[in-house]
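To start, the structure itself, in structure tokens.
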Amino acid sequence: MEVKMQRRTSSQVTRSVLSEAELEQIASKSQKKEPSLWRRGRDKLRCSGTIAKFLLLKFIPILRWLPRYPVREWLPGDCISGISVAVVQLPQGLAYALLAAVPPIFGLYSSFYPVLVYSIFGTSRHISTGTFAVLSIMVGNEVEKLAPDENFMVLGNGTVLDVEARDKARVDLAVAICFLVGLFQVALGLMQFGFVVTYLSEPLIRGYSTAASMHVTLSQLKNMFGFQFKQESQPLSLIYGLISFFSMLPKTNIGALISSLVALGALFTVKSVNQKFAHKLPVPIPIELFTIIVFTGISYGMKLKEMFGIDIVGHIPIGMNAPLPPDTKLFGKMIGSSFVIAVVAYAITISMGKMFAMKHGYQVDSNQELIALGLSNFVGSFFQCFTIGTAMSRSLVQENTGGNSQVAGIVSSLVLLIIIIKVGELFEHLPKAILASVVIVNLHGIYKQFGDLSVLWRTNKIDLLIWLVTFVATLLLNMDLGLAVSVVCALLTVIVRTQLPRYSILGQVSETDIYRDLKDFDQVKEVSGIKIFRSSCTVYFANAELYAESLKAKIGIDVDRLIAKKKKAISRQKRKGKKEKNQVARKENMKENKVTGRDNNGFLDVEKADPKEMPTKENDFRLAEAADKVVLETQTNTTQKTSRESTLESLGLEKPTFHSLILDFTAANFVDTVCIKVLKNIFRDFCEIEVNVYLVGCQTHVIDQLEEGNFFSKTITKAQLFASIHDAVMYLLKEHDQEAKEGILDPALPATKGLHNQN
């Protein structure tokens, strides 16, 4: 088989080799200072017509897109899409209300008010907000924990559950959670905290929602099997719930179980048809709506409640409730759980919003989405709604049926308004077992996320670990603690990965300015006399010491041992020099004795002495000054000699095979005080073994941080910083080649010798 080689194109750029010091002379930094935080805040708060209009259009996006709405092109699709979503929203709203532990009518309220508010303030054109299984079960867990059935038992003919009082208390709790969730989301959005969702990675969200679906399924088994069993909101609640469920199996209501199985079969079958023939069907078959209509008729006609004891939805009030403020006394009990629900709701919504925006070529504002979702929950809480989010199934229906904008959400809300006002009471005889079947069938998309395990095993083991830890923690520790554990686990993986970066010694690809890891490429060769060291991540307090240790291990010599040997050799040399100095001093003293006419007994030889040298105060002072000068010159000469001779070679120690070390800091996006301290130590240690050190690839703000940290000094200057590895390599090759030609090449040069003139 003939293999076609890709034709290489050549590119050549000619410029001078520049250090950071020279680069700053050519292209000096701007002297313009960033405005202070106070000034930026003052400018943002300054009011003018232009700013007011900008803020109005920013926070109310419908004013921006509605005047330009293409009615002929988009309105038909939005109307069809809105009606289709309402058809799906109706059974899901009724069913998810059971998950939230409130009467079904409140699921319809939650499908109307918040959706209408989001259509005004949201920026995503394709997501369908409203009730969502995962959020509903999170609300239900908290509500059932604070208002358990045991608190509403009354004495009558035996012990009877006061359903009306229980439902009222649970609605109040769900409304309070919705209010707090909305408040948290709006506050975070106004503070531009939309980035918090970045700490919830996709594997974390998918693992969390998969575990949550298990909790949802267990909570609906009681409706499918027609009996009640005890469920608690605490660690290991899933295990206790399963034990309680199996213990109650003998009390199964056969009528409820048969109804559930028939509904499950019909729902799964038709949904499979919808999926298989999606490209041929103009709209998906609304099997959920057909199912609840058919079983409502059967329940009413056959009196399933009276004949078989099958639990039904019960009374559904007609019309709308007047707005009421939430009970503020309940807030203290649920602040923590409300914040968790707020973050999860936003994470799911923004991930879906970005997915559709990328697919259709527009942008969503993450902070505005947080505000829009918060306002939806905040306003909805005054109309007795529980927390809403975004459902993938409805969003796909909205997209596939021709939805183009938020108008589809408005149409969906209007359809549900009609149902709430006129049609809601028709579903009073709907068996709860059917709603449970609707819930479980709509979880089949989440159950498919178990397929992530095989994909992540092949692609990324760390993401697989996050998925599994999140799933197991949420499954065993319940949903609030499970999320906390999963976030901590995800952050720990980041910390561990910065603790275990990849360290490499680089070599040059022949005849290029490209440098690669010597271990990974056979054709890459190390530049003679130069070591190039690279770290794959930022050097900071958590890994700075590891960076220094790995550097010394990678270069192939024991730097600390060599420094210790050098110090011992210098110490021996100093002792030897001191001994020689003492000998010189004794000789000088002997000469002085001869000059002053003093003999060994300390007496003056009058006959030999010159009359001018007779002991006077002036002569004694002059002779003492001369003696001190001789000793000082002797000491200076000895010190300079020791300094010149204190090279590794002169001390009889083996020199490193390289004269220069290049530290590639391209991956560094910041430096801290610990990093700066470690870098100074590296420069000092390698200078001790007669190796010059250079930094390359430092970003401008990193250089600023180095300056602020007092990294630069007389011995470490910006002349040792280069923009690229190749700049540093070419400079070093040129400098050492020139010194070799002039016969002055000396590996003992100090770190700053031979560098560029900074003037």
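The values are calculated or read from the model by the stated rules, or taken from the named source; none is laboratory data. Small disclaimer: the values here were computed from a predicted structure and weren't measured. Ideal geometry is used to build each Cβ from the backbone, glycine not excepted, and the neighbour counts take in all protein chains shown. Keep in mind that these areas ignore ligands, DNA and RNA; they rest on the heavy atoms of the full protein, side chains included. Shrake-Rupley method; radii C 1.70, N 1.55, O 1.52, S 1.80 Å.
Where the alpha-carbon atoms of the stretch 76-496 are placed on the principal axes, they occupy 60, 49, 46 Å, in descending order.
Checking a compactness column here: for the stretch 267-319, what do you get for Rg(Cα) / (2.2 N^0.38 Å), N being the number of residues? Working it through for the stretch 267-319, the quotient is 1.56.
Antiparallel versus total DSSP beta bridges in the chain: what percent is that, nearest 5?
On the way: 16 of 28 bridges.
Just about 55 percent of them are antiparallel.
Taking the three principal axes of the alpha carbon atoms in the stretch 321-379, the coordinate ranges are 46, 28, 17 Å, sorted in descending order.
For the stretch 150-292, the pair-distance distribution built from all alpha carbon pairs, in bins 10 Å wide starting at 0, is 9, 19, 31, 27, 12, 2 percent.
Work out the FRET efficiency for residue 541 and residue 591 from their Cβ-Cβ distance, taking R0 = 51 Å, and round it to the nearest 0.05.
Details: r = 61 Å, r/R0 = 1.20.
Given R0 = 51 Å and the Cβ-Cβ separation, E is 0.25.
Here the stretch 76-496 is treated with +1 on each Lys and Arg Cβ and -1 on each Asp and Glu Cβ, and its dipole about the Cα centre works out to around 760 debye. Given the options 733, 191, 67, identify the residue whose Cα lies farthest towards the positive end of the charge dipole of the chain (+1 on Cβ of Lys, Arg; -1 on Cβ of Asp, Glu). Farthest along the dipole direction, towards plus: 733. By how many degrees, 0 to 90 and rounded to 10, does the Cα axis of helix 335-360 deviate from the longest principal axis of the chain? On a 0 to 90 degree scale, this one is about 90. Ordered by solvent-accessible area of protein heavy atoms (1.4 Å probe), largest first, the residues 540, 208 come out as 540, 208. Taking all Cα-Cα distances within the stretch 423-520, those exceeding 17 Å account for 73%.
For the stretch 302-416, the equivalent ellipsoid built from the Cα gyration tensor has semi-axes of 30, 24, 15 Å, listed from largest to smallest. About the centre of its Cα atoms, the chain shows a dipole size close to 660 debye [charges on the beta carbon of Lys, Arg (+1) and Asp, Glu (-1) only; nearest 20 debye].
Per-residue ellipticity at 222 nm for the chain, helices alone: DSSP H runs ≥ 4 residues times -39500 (n - 2.57), over residue total, nearest 500 deg cm²/dmol?
On the way: 29 runs with 440 residues, N = 759.
After summing the helix terms and dividing by the residues of the chain, the value is -19000 deg cm²/dmol.
Report the equivalent ellipsoid semi-axes for the stretch 469-550 in whole Å, largest first, defined as the square roots of five times the eigenvalues of the gyration tensor built from alpha carbon atoms. Don't skip to the end; give the middle numbers.
On the way: eigenvalues 335, 42, 13 Å².
After diagonalising the Cα gyration tensor, the semi-axes are 41, 14, 8 Å.
Hey, with R₀ at 51 Å, roughly what FRET efficiency would residue 153 and residue 53 work out to, going by the Cβ-Cβ distance, to 0.05? Rounded to the nearest 0.05, the efficiency is 0.30.
Positive end of the dipole of the chain (Cβ unit charges, origin at the Cα centre): among 514, 459, 701, the Cα lying farthest that way belongs to 514.
Along the axis of the charge dipole computed for the chain (Cβ charges of +1 for Lys and Arg, -1 for Asp and Glu, origin at the Cα centre), the listed residues 92, 491, 426 are led at the positive end by 491.
So if a site counts as exposed when it's one of the GluC sites (Glu not before Pro), its DSSP state isn't H, G, I, E or B, and it has at most 16 other Cβ atoms within 10 Å, what's the longest stretch of the chain without one? Show your work: numbers first, answer last.
Values: sites that count: 2, 232, 428, 511, 526, 607, 649, 654.
Counting at most 16 other Cβ atoms within 10 Å as exposed, the longest clean stretch of the chain is 3-231.
Using DSSP to call loops (not H, G, I, E or B), can you name the trypsin sites (Lys or Arg not before Pro) in the stretch 240-339 whose Cβ has at most 12 other Cβ atoms within 10 angstrom? Don't skip to the end; give the middle numbers.
Details: sites: 251, 271, 276, 280, 303, 305, 329, 333; in loops: 280, 303.
For trypsin sites (Lys or Arg not before Pro) across the stretch 240-339 that sit outside H, G, I, E and B with at most 12 neighbouring Cβ atoms in 10 Å, the list reads 280, 303.
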